[in-house]
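Step one of this worksheet: look at the structure below.
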Amino acid sequence: MDSLERLRRRHWSKLHPGHGAPVEAPLERIDALLAHRRAREAAILAALAAGPADAASLASVIYHDTNPALLPAAARNVLAHLIDLTQRKAVIPLGNLEKNLRLFKVLKENSRRSEKNCKKPLDARSRHC
């Protein structure tokens, strides 16, 4: 979303995406993409409010009307959102972010990462405990 925000700050007359037709109304298209991504983020947070879940489980709930063959791609999209939400301290992975562990939960609002709220010392190489 940061890249969309950066694009939005510029004054474009036309965008030429990597695929598809040129975008003749760049500001409107960028705003639509931002709104769509914010809505997807809100759906992810709402689903996580019910309890911890992984990207694939979240995708099956959020993309309930999607062809099942497309759910792996949807899960990768959800994972990208979860990584962004982790970096912004809105969610936290339950364990290390490894290939097979992608379980997340919502952090309480205004929660901050610190030695005192970790059960073990902070890992200097990681954004989480």
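In table form, for the structure just shown:
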read-out: Amide H contacts under 5 Å for residue 94, placed H, 5+ residues apart; value: 103, 104, 105
read-out: 89, 14 arranged by Cβ crowding within 10 Å, fewest neighbours leading; value: 14, 89
read-out: Mean projected area in nm² (Cα convex hull; one quarter of hull surface) for region 25-111; value: 6.7
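Every number in this text was worked out from the coordinates using simple rules, so none of it is lab data. Please read all numbers here as calculations on a predicted model, not as lab measurements. Every residue, glycine among them, receives a Cβ derived from its backbone with ideal geometry; neighbour counts consider all protein chains shown.
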